[in-house]
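Only one structure is covered here, and it is reproduced in the block below.
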Amino acid sequence: MIVSFNFYYARPGLEDAVLKQRLLASDVREGLGIPRGRVIARAEGAPTLPDVIWEQHFEAVTGHYEDMAVRAASPEFEAVRAGMRKLCRRFERPLFEVERGDPVQAASTAIVALGWIFCPPDQTKSALAVLDRHIGEGLDHGRLLRLVTPGEDLPALVWQREYADRAAAASQDLGDLRADLAPHADRVEASVWKVE
């Protein structure tokens, strides 16, 4: 399974406008007969992370490209996209493959916790082994996503967990995991996102 993300990095002070524009884009998608996708807004995490994320799952990368073709053929969607360009200082559209993990429980999810693991490609397997060990020791399973497209300053791995409320997300401490990943990762960022 492929997970397509859009990472939106808002210009200073325009975070709410970026969220509103992304929700409009999801409305337009629905009108075009393609899935809305899921929109999440950063509630906690480093300011170097995106402010808003759009997420959609595809069985294969061909589904992602077919989805892109529908959007590109729509003048209404292109107008929304042009409006978004004015609001963002940076935009990334990485694709991740589900490396392992539980299926998304989107209907009951209000909060998404993302662990961003920035490591060189030659350290990805080692970082995955560290994550597997911690999961085996009782850390919330979630899903491990592996980056499959190139890009600047993107995480090689994303550890995604979903919760019904913020209290459950707060119970996950990355302290030991962060220390064990240090030999393999340039940095590890924890973040909490609200499902919109």
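The values are calculated or read from the model by the stated rules, or taken from the named source; none is laboratory data. The shown structure was predicted, so the numbers you read here are calculated from the model rather than taken from an experiment. Virtual Cβ from ideal backbone geometry, glycine too; neighbours counted across all protein chains shown.
Per-structure values
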quantity	calculated
Residue in region 149-157 that is in a strand (DSSP E or B), within 19 Å of the chain's Cα centre (by Cα) and modelled with pLDDT of 90 or more present	yes
Matching residues, region 108-154, being of a type in the set (V, I, T) and within 17 Å of E189 (Cβ to Cβ)	I111, V112, I117, T124, V130
Enumerated strands (runs of 3 or more DSSP E) restricted to region 1-119, each holding at least 1 residues that are over 21 Å from V148 (Cβ atoms) and not assigned by TED's automatic domain parsing to the domain that holds L131	2-10, 38-44, 52-58, 88-92
Scan of region 120-145 for residues that are without any contact (Cβ under 8 Å) to a residue 60 or more places away in the chain, within 23 Å of E44 (Cα to Cα) and crowded, with 20+ Cβ neighbours inside 10 Å, ordered by number	L131, G142, L144
Residue within region 96-110 that is modelled with pLDDT under 95, touching a strand residue (DSSP E or B) at 6+ places or on another chain (Cβ under 9 Å), among the charged types (D, E, K, R) and under 29 Å from D16 (Cα atoms) present	no
Failed condition for I117, given (1) surrounded by 13 or more Cβ atoms within 10 Å (Cβ to Cβ); (2) over 19 Å from L49 (Cα atoms)	(2)
